[in-house]
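To keep things clear, I will list the structure first and then write my remarks on it.
Read-outs: derived from the displayed coordinates by stated rules, not from any lab. Nothing here was measured: the structure is a model prediction, and the numbers come from that model. Here the Cβ is made from the backbone with ideal geometry for all residues, glycine too, and neighbour counts use every protein chain on show.
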Amino acid sequence: MSSSIQQIVKRDGRVVPYDRDRIATAIFKAAVAVGGDDREEAERIAMLVEQRLVDNFSAAATPSVEEIQDLVEEMLIEEGHSKTARAYIRYRHNRQMERAQRTVRFEVTDNIPYRKIYEVLRWNVEHGCDTIDGLNEIIANNQLPELIAACEERYDEEVKLGAELFVERVPEVRVFFVAGPSSSSKTTTTIKVSEKLAEAGMEFLALNIDHYFFDLDHHPKDEFGDYDYETPQALDLKLIDQHVAALLAGEPIKMPHYDFKTGKRELGVYDLQLKPNQILLIDSLHGLYEEMTQSTPNSKKFKLYIETLGQVRNREGLFMRWADNRLLRRMIRDSWHRNLQPEQTLTHWHYVRRSELRNIIPFIGSVDYLVNSAMPFELPILKDRLFHFFPQAMEKFKDDAKRQDAYVRAKRVYETLKDLTPVKDDSPVPSTSLLREFIGGSEYKY
């Protein structure tokens, strides 16, 4: 059988040839670990996974290794190999650990330094919020306000240290990037960075990259009619590059305006000019993407990267994925910023994650400072608002071959949050919290 899947995206962002035999080998090793010895069955399961991939993606698509591994786990369970599925999950984890041991600098998950992940886990353990049961105990003992205050203090301190590092490199550096994947809270972090810079006596000018989107009808559609606006090519990269260079040269520009609800851009709307003593502040999903500001020397750039480095385990001992944490945030924000229903955000998320793997994660090694925006206290609050969508999505997409990525994702989030106590009252969350960027009630203007 010849597959239409030609390439896949690895966890470090590299695009490599697709190889069904690698899938079969991983399945076979998992089967052997639980007493199996049927290579042909492993190859049959690999073939079924490949067929599901073909059904799930267009011929030109490039699925990520995450999506493939998720489908392997689902297919093993569907075909009655639950023991092998559990062994495969362990095999998958052990492979990650092997890769981590081969390099001291990076932990394998999304190129984040291992030391940073360890610091996050240690902080969570010290505050009793590294497990679902720990969070439940905090909620039961009415200690959630204390956890909220501790999380906010930790985050604010990280942002402050990042701003201080930047100030040390002025005046050589003129551009401060706040970069990170979708719903990592770049906007709130940019506001807080600007506050820290102002306290240090520095002036800044913010350039809103969202206004540089091309008209939505210029973006490619998939077979569902869904636009891919996660790719850097959805932005007018050439115009951004020209405008950043012009601003740093002291020249005036006319920034466009983009309306997310209509999907239309209007050119030449906002007059901007960077004063000699000002810093250019840029909040962008693709702030690490070189083509966006290739005319500006790297010596003039400072890159702060933000990610939800959550280290919270469910009762089965599995950590919640950072991307799933951000999915929950975006499901809420999209409903009132982009006029999308939570189900639409869920089905669009494969674009988000694939773009991250290709266009963000490979460049994390170039960042100057890293901030953790995960707030363990947000999970029970987000569960109260969103949890009911996930059983509905699981039921709707369970038998839909083209929506298996959405089904797997919905099921994973459901399994992560099902034992967590939901919290309706968000009044202890301060109006300056990054969570307010998503649930509303912020004193900041977005």
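Remarks
- Helix 20-33 axis, angle to the chain major axis (alpha carbon atoms, nearest 10°): 60
- Per-selection Kirkwood Rh - the chain (Cα, Å, 1 d.p.): 23.2
- Taking segment 136-307 and dividing mean pair separation by its residue count, relative contact order in percent (alpha carbons under 8 Å, at least six apart): 35
- Among Ala323, Ala406, Ala150, residue whose mean-square fluctuation peaks in a GNM of the chain (springs only between Cα atoms under 10 Å): Ala150
- Karplus-based coupling profile of segment 61-73, in residue order and whole Hz: 6, 10, x, 8, 4, 4, 5, 5, 5, 4, 5, 4, 4, with θ = phi - 60° in 6.51 cos²θ - 1.76 cosθ + 1.60 and x standing for Gly or Pro.
- Computed from phi, the 3J(HN,Hα) profile of segment 405-415 under the Karplus parametrisation 6.51, -1.76, 1.60 (θ = phi - 60°) reads 4, 5, 4, 4, 5, 4, 5, 5, 5, 4, 5 Hz, with x in place of Gly and Pro.
- Alpha-carbon centroids, segment 132-151 and segment 22-79: separation in whole Å: 40
- Long-range HN-HN contacts of Leu205 with modeled amide H, under 5 Å: Ile279, Leu280, Leu281
- Among Asp324, Asp419, Asp228, residue whose mean-square fluctuation peaks in a GNM of the chain (springs only between Cα atoms under 10 Å): Asp419
- Nonlocal amide H pairs with Thr131, under 5 Å, H built at 1.01 Å: Arg313
- Relative to the Cα centre, the charge distribution of segment 136-307, modelled as +1 at Lys and Arg Cβ and -1 at Asp and Glu Cβ, gives a dipole magnitude of about 640 debye.
- For the chain, adding -39500 (n - 2.57) for each run of n ≥ 4 DSSP H residues and dividing by the number of residues yields -15000 deg cm²/dmol at 222 nm.
- Most simply put, segment 136-307 has about 35% antiparallel DSSP beta bridges, counting only bridges with both residues inside it.
- Under the combined filter of DSSP loop state and at most 14 neighbouring Cβ atoms within 10 Å, segment 176-252 retains these GluC sites (Glu not before Pro): Glu223.
- With Cα atoms, 0 to 90° folded angle of helix 186-199 axis to the chain main axis: 30
- Most fluctuating residue given options Asp426, Asp19, Asp271, as computed from a GNM of the chain linking Cα atoms under 10 Å: Asp271
- Segment 153-213-segment 287-360 distance, computed between alpha-carbon centres (Å): 18
- Ordering Val178, Leu135, Ile381 by Cα displacement along the dipole of the chain toward the positive end leaves Val178 in first place; charges were set at the Cβ atoms of Lys, Arg (+1) and Asp, Glu (-1).
- Which of Leu357, Ala323, Ser82, positive extreme of dipole for the chain (C-beta unit charges): Leu357
- Percentage relative contact order, segment 320-446, counting C-alpha pairs under 8 Å, at least six apart: 29
- Distance (nanometres) between label positions extended 7 Å along Cα→Cβ at Ala198 and Gln294: 3.7
- Applying 1/(1 + (r/R0)^6) with R0 = 22 Å to the Cβ-Cβ distance of Asp226 and Val16 gives a FRET efficiency near 0.30.
- Karplus-derived HN-Hα couplings along segment 318-331 (A = 6.51, B = -1.76, C = 1.60, θ = phi - 60°), whole Hz, x at Gly and Pro: 8, 6, 5, 5, 4, 5, 5, 4, 5, 4, 4, 4, 6, 4
- Length-normalised contact order for the chain - Cα pairs under 8 Å, 6+ apart - percent: 20
- Between Ala401 and Ser4, the distance separating the two model label sites (each 7 Å from Cα on the Cα→Cβ line) works out to 1.0 nm.
- In this structure, the pairs whose alpha-carbon distance is over 24 Å, taken from Lys264/Lys445; Lys160/Lys424; Lys254/Lys275; Lys186/Lys261, are Lys160/Lys424.
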